[in-house]
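Peer 1: Sharing a structure with you now.
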Amino acid sequence: MAARKTDFEPPVTVALTGASGAQYGLRLIDRLVAANHEVWVMISKAAHLVIDTETETRLPAQPRRLTEALIERCGAHAGQVRCFAREDWMAPVASGSGAPSSMVICPCSTGTLSAVATGASNNLIERAADVALKERRQLILVPREAPLSAIHLEHMLALTRMGAVILPAAPGFYHKPQSIDDMIDFIVARILNQLGVKHALLPRWGESE
Ligand SMILES: Cc1cc2nc3c(=O)[nH]c(=O)nc-3n(C[C@H](O)[C@H](O)[C@H](O)COP(=O)(O)O)c2cc1C
């Protein structure tokens with residue numbers, strides 16, 4: 001049983017959707033927990049399939065069991081991670097009065113990207129992103145697709161103009177990655193920089209190691 005603690009940093013919403021790169025989202029949750037943040041998590045049905053396909057991690061779909069599994073996986077304290085179901089419209093993320101000041105969709109499928117750009121709000125991830133946009137809160141989307149169609153590019157431009165940040169899952173190579181984990185951390189470090197969360201994943205440009 002994880003120790004109970006209450007003095008967490010503010011919650012950050014992290015949604016994993018069904019684009020390739022589930023590792024980015026799982027590592028992001030892990031690093032936010034390590035930085036003592038509360039983390040509110042949503043995982044789409046397709047994201048569960050991608051997690052099963054791309055990683056050795058097996059996560060239950062049911063929110064309470066998923067919460068327990070993530071707490072164990074990340075070594076989080078009880079209450080530090082909360083998971084919400086696809087149509088849990090009573091969850092705090094579904095309203096401007098309850099949603100955290102930051103949300104990250106990582107990885108972000110092109111389907112969810114377009115749903116967010118057009119305000120579909122057909123599931124809790126889309127609704128939470130819609131709330132972030134209407135409340136002018138921080139919204140970061142980490143899409144992964146190649147090549148990109150005009151639909152994808154137009155939606156990315158529209159979201160950027162609405163104030164969201166498009167942070168493509170496109171790791172650089174100038175830090176000479178030695179492993180896949182190094183490439184994952186390259187993207188996660190950039191997300192944490194956007195969130196203003198301190199980390200030691202990579203030195204910032206101009207800083208020596
Ligand atoms: C193994 C796997 C990899 C996928 N990779 C991508 C991808 O890189 N980018 C993408 O936009 N969709 C990808 N898809 C398709 C999405 O999962 C699919 O469009 C789904 O409807 C997205 O739903 P969601 O946005 O609710 O998660 C992938 C699907 C699977 C099963």
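Peer 1: Report the extension gain between residue 178 and residue 97 in nm, rounded to one decimal, defined as 0.36 nm multiplied by the number of residues separating them, less their alpha carbon distance. Let's see the in-between values first.
Peer 2: Values: separation 81, 0.36 × 81 = 29.16 nm, distance 4.39 nm.
Between residue 178 and residue 97, full extension yields an extra 24.8 nm.
Peer 1: Roughly speaking, to the nearest percent, how much of the chain's 1.4 Å accessible area is carbon and sulfur?
Peer 2: Numbers: 5450 of 10600 Å².
The value for the chain is 51 percent carbon and sulfur by accessible area.
Peer 1: Pairs of alpha-carbon atoms within less than 8 angstrom and 6+ residues apart define the contacts here; what relative contact order does the stretch 48-177 have, in percent?
Peer 2: Values: 156 pairs, mean separation 25.4, N = 130.
Dividing the mean separation by the residue count of the stretch 48-177 yields 20 percent.
Peer 1: Check residue 109: other-chain or 5+ apart residues with amide H under 5 Å from its amide H, H built from backbone geometry?
Peer 2: Those qualifying (amide H under 5 Å, at least 5 residues apart or on another chain) are 17, 18, 19.
Peer 1: Considering only the other residues whose Cβ falls under 14 Å of the Cβ of residue 131, what net charge follows from Lys and Arg at +1 and Asp and Glu at -1?
Peer 2: Numbers: positive: 127, 134, 136, 137; negative: 88, 126, 130, 135.
With Lys, Arg at +1 and Asp, Glu at -1, the neighbours total 0.
Peer 1: By the scheme Lys and Arg +1, Asp and Glu -1, what is the net charge of all other residues having a beta-carbon under 13 Å from that of residue 20? The partial results should precede the final answer.
Peer 2: Working: positive: 144; negative: 52, 54, 145.
Computed value for this residue: -2.
Peer 1: Shifting gears a bit: Quick one: if the Förster radius is 30 Å, what FRET efficiency do residue 151 and residue 45 give, using the C-beta to C-beta distance and rounding to 0.05? Write out the running numbers ahead of the final one.
Peer 2: Working: r = 22 Å, r/R0 = 0.73.
After rounding, the FRET efficiency stands at 0.85.
Peer 1: Measuring with a 1.4 Å probe in the full set of protein chains, what accessible area per residue, in whole Å², belongs to the stretch 8-101? Walk me through the numbers on the way to the answer.
Peer 2: Working: 4150 Å² over 94 residues.
It amounts to 44 Å² per residue over the stretch 8-101.
Peer 1: PRE reach from residue 122 (point 7 Å along Cα→Cβ): which of the stretch 17-47 fall under 14 Å by backbone N?
Peer 2: 18, 45-46
Peer 1: Find the centroid of the Cα atoms in the stretch 182-209 and in the stretch 29-68, then give the distance between the two in whole Å.
Peer 2: What the calculation gives is 21 Å, centre to centre.
Peer 1: Can you list the residues, at least 5 places off or on another chain, whose amide H is less than 5 Å from the amide H of residue 40, using H built in the peptide plane?
Peer 2: Under 5 Å from the amide H of residue 40: 12, 13, 14, 82.
Peer 1: Modelling each spin label as a point 7 Å along the Cα-to-Cβ direction, I'd like the residue 207/residue 89 distance in nm, to one decimal.
Peer 2: 4.5
The values are calculated or read from the model by the stated rules, or taken from the named source; none is laboratory data. Only a predicted model underlies this, so the values are computations on that prediction, with no experimental measurement involved. Positions of Cβ are generated from backbone atoms using ideal geometry, with glycine treated the same way; all protein chains shown enter the neighbour counts. Ligands, DNA and RNA are stripped out before the accessible areas are found, and what is left, the full protein with its side chains, is counted by its heavy atoms. Shrake-Rupley method; radii C 1.70, N 1.55, O 1.52, S 1.80 Å.
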